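This report concerns only the one structure given below.
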Ligand code: GCU
């Protein structure tokens with residue numbers, strides 16, 4: 001036995017144990033408010049290997065390589081001697097910026113869909129040897145297999161939500177750690193989203209990467225601290241979840257500016273939070289986006305967050321923000337910087353996109369069709385923009401598959417776990433334009449119930465389908481999913497997909513649901529800078545006419561009409577848009593064009609919003 005347990009075999013034994021344990025718990029619970037923790041950024045230049053045949057993951061018989069396979073791309077690329085054949089090597093000739101999609105960083109990647117291996121070397125010593133260490137990713141599109149020094153930390157699927165893996169002590173070296181991430185963005189029918197979308201499949205490590213240290217005991221893993229969803233309440237409720245807490249662990253929640261400090265006891269790792277704010281507290285709103293420092297403390301940990309307190313509720317047909325009817329002057333946004341044709345990921349990108357929304361006169365943004373970077377929701381908190389946040393259950397998902405439903409639930413949980421303390425977020429959306437069927441309504445209503453269970457303080461919705469009853473020129477939103485949502489939202493393109501804009505003059509809208517009614521999309525394309533008469537498709541004048549007719553129609557909407565988020569703020573890339581004169585791989589429905597210039601239609605919507613006083 002003693003001879004068997006040589007160093008090499010110890011590592012092998014340990015690697016095997018870790019492999020199974022990490023795969024079983026490969027999706028650790030998200031560390032909330034990660035930027036307020038002790039972190040070490042791994043952003044910057046990473047070396048890469050493009051691997052369309054996944055040679056680094058499968059052997060020549062296409063069998064998954066085992067963890068200590070020396071030809072695996074997670075194994076060292078350094079030959080041990082002059083005769084040691086290595087057919088993979090990470091080299092500074094091949095570098096990608098992280099965060100960032102690969103498509104925008106090199107012409108060879110523009111249409112690439114497949115696997116790319118990223119590698120980063122780093123030195124690190126924990127600030128306190130007893131602390132636990134985690135590796136956190138803001139997002140990786142689509143599947144990430146993560147290895148550190150030849151040990152697999154875990155696998156994550158889902159292109160737009162954060163995840164973190166614990167780094168066991170024996171996987172970390174003080175110098176020259178060998179971090180390898182296999183990113184695969186191939187599309188599949190049984191994933192979320194599915195094969196078919198109207199946006200560019202930007203692959204890569206698209207958001208921040210950082211090491212995070214937490215105390216070994218009584219660490220604050222995550223928390224939810226929000227006003228109860230009751231009009232005029234001053235009552236805050238929620239929870240705090242701890243790692244490795246003893247029974248009876250004390251937790252305090254403090255809001256210094258309001259002179260509030262309450263203590264709670266954690267049982268089995270979590271504590272219910274419930275206390276009252278002084279009646280003098282300022283409610284968060286677009287007009288007054290007041291954020292308070294909230295300090296959560298345990299014997300070993302302390303986290304400060306900026307949280308706004310507001311209520312968002314529905315009363316019959318009315319949408320109420322802090323008990324007052326609110327009209328959503330919205331705009332839909334893709335997480336893309338049009339001028340640089342790349343995924344948005346930074347506070348600077350968020351400031352530009354949300355700055356445009358503010359210029360348009362918006363008090364709301366629909367972050368389509370997937371959770372955007374945390375910088376967007378935190379910027380919306382600060383700027384006073386209400387947010388509709390959505391998981392990419394988009395179009396024809398495989399609604400009959402329980403496995404696909406689980407994948408959607410994982411992404412829903414990750415979206416809510418990250419942003420459940422953002423006052424700006426008022427609506428969790430579980431999808432967009434999913435075709436009506438028994439299976440689909442069961443799938444989507446399950447997601448709606450799951451969202452409510454994860455976060456009772458917000459509303460839930462989805463972009464529904466419209467039933468056009470041409471004989472009465474009536475357009476009825478009677479999608480069976482309307483039964484399960486708080487806000488009945490639907491997409492309409494009257495005058496672009498079917499008919500011309502004057503069809504708006506005789507169109508009437510109705511819904512069978514006694515709930516707020518929201519237009520989650522409407523829009524028409526215009527090639528920025530292309531001018532002609534209003535009757536010429538693709539011109540800015542046509543798009544302007546489209547919006548003029550739409551705005552006139554909005555004035556005749558039923559009394560439960562509670563707002564609109566036109567499609568879309570800025571032109572965006574889509575492989576579905578192939579008119580070689582007016583599109584060339586762009587969906588040009590933006591009110592702002594590919595160069596960041598406002599089109600004529602921008603001013604039609606701005607005038608409409610400026611005319612509405614909330
Ligand atoms: C759909 C869909 C969008 C798409 C838009 C369009 O409603 O929700 O993702 O881009 O229409 O056709 O431009």
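Could you state the angle between the C-alpha long axis of helix 7-24 and the longest principal axis of the C-alpha atoms of the chain, as a value from 0 to 90 degrees rounded to the nearest 10?
That helix lies at roughly 20 degrees to the long axis.
With a cut-off of 8 Å between alpha carbons and a minimum separation of six or more residues, what is the relative contact order of the stretch 456-614 in percent?
Numbers: 312 pairs, mean separation 29.2, N = 159.
Answer for the stretch 456-614 is 18 percent.
Quick one, what does Rg over Rh come out to for the chain if you take C-alpha atoms and the Kirkwood Rh? Before the final figure, lay out each step's value.
On the way: Rg = 25.4 Å, Rh = 25.7 Å.
Result for the chain is an Rg/Rh of 0.99.
Rounded to the nearest 500, what is the 222 nm mean residue ellipticity of the chain from helices alone, with -39500 (n - 2.57) per DSSP H run of 4+ residues and division by all residues? Don't jump to the answer; show the numbers that get you there.
Working: 7 runs with 102 residues, N = 614.
Value at 222 nm, helices only: -5500 deg cm²/dmol.
On a full-extension model of 0.36 nm per residue, what is the gain between residue 403 and residue 555, subtracting their alpha-carbon distance, rounded to one decimal in nm? Don't jump to the answer; show the numbers that get you there.
Numbers: separation 152, 0.36 × 152 = 54.72 nm, distance 4.40 nm.
Going from the current span to full extension adds 50.3 nm.
Using a/c under 1.5 as the rounded threshold, could you call the stretch 25-214 rounded, prolate or oblate? The axes a ≥ b ≥ c are square roots of the C-alpha gyration tensor eigenvalues, and prolate needs a/b larger than b/c, oblate otherwise. Mind showing how you got there, number by number?
On the way: a/c = 1.57, a/b = 1.07, b/c = 1.46.
Oblate, since a/c reaches 1.5 and b/c is not below a/b.
Multiply the residue gap between residue 111 and residue 449 by 0.36 nm, knock off their C-alpha separation, and tell me the result in nm, one decimal place. Let's see the in-between values first.
Values: separation 338, 0.36 × 338 = 121.68 nm, distance 3.74 nm.
Result for the pair: 117.9 nm of gain on full extension.
For helix 600-610, what angle does its Cα long axis make with the longest principal axis of the chain, in degrees from 0 to 90 and rounded to 10?
For 600-610 against the chain, the angle is about 80 degrees.
Along Cα→Cβ, 7 Å out, is where each label goes; now give me the distance between the ones at residue 29 and residue 173 in nm to one decimal.
A separation of 3.4 nm, rounded to one decimal place.
Quick check: pseudo-label points 7 Å beyond the Cα along Cα→Cβ at residue 66 and residue 127, how many nm apart are they?
For residue 66 paired with residue 127, the spin-label model returns 4.1 nm.
Would you please classify the overall shape of the stretch 314-610 from the alpha carbon gyration tensor, given that a ≥ b ≥ c denote the square roots of the eigenvalues, rounded means a/c under 1.5, and beyond that prolate means a/b larger than b/c while oblate covers the rest?
Values: a/c = 1.43, a/b = 1.19, b/c = 1.20.
Verdict is rounded for the stretch 314-610.
What Kirkwood hydrodynamic radius, in Å, does the stretch 231-310 give when the mean of 1/r is taken over all pairs of distinct Cα atoms and then inverted? Please report the intermediate quantities before stating the final value.
Details: mean 1/r = 0.0746 Å⁻¹.
Hydrodynamic radius (Kirkwood, Cα pairs) of the stretch 231-310 is 13.4 Å.
Looking at the square roots a ≥ b ≥ c of the eigenvalues of the Cα gyration tensor of the stretch 470-614, which shape do they give, rounded for a/c under 1.5, prolate if a/b is larger than b/c, or oblate?
Working: a/c = 1.76, a/b = 1.68, b/c = 1.05.
Prolate, since a/c reaches 1.5 and a/b exceeds b/c.
Using the alpha-carbon atoms, what tilt in degrees (0 to 90, nearest 10) does helix 438-454 show relative to the longest principal axis of the chain?
Value to nearest ten degrees: 70.
Compute the length gained on full extension between residue 505 and residue 358: take 0.36 nm times their separation in residues and subtract their Cα-Cα distance, giving the result in nm to one decimal.
Numbers: separation 147, 0.36 × 147 = 52.92 nm, distance 2.90 nm.
Here the segment from residue 505 to residue 358 would lengthen by 50.0 nm.
Please report the relative contact order for the stretch 314-610, taking Cα pairs under 8 Å with a sequence separation of at least 6, and give it as a percent rounded to a whole number. Provide the component values of the computation, followed by the final result.
On the way: 639 pairs, mean separation 55.3, N = 297.
It comes to 19 percent, rounded to a whole number.
Can you work out the FRET efficiency for the pair residue 250 and residue 41, with r the C-beta to C-beta distance and R0 = 41 Å, to the nearest 0.05? Numbers along the way, then the final one.
Numbers: r = 32 Å, r/R0 = 0.79.
Using R0 = 41 Å, I get an efficiency of 0.80.
Every number in this text was worked out from the coordinates using simple rules, so none of it is lab data. Keep in mind it's a predicted model, so treat the numbers as computed, not measured. Neighbour counts run over all protein chains shown; Cβ positions are idealised from the backbone, glycine included.
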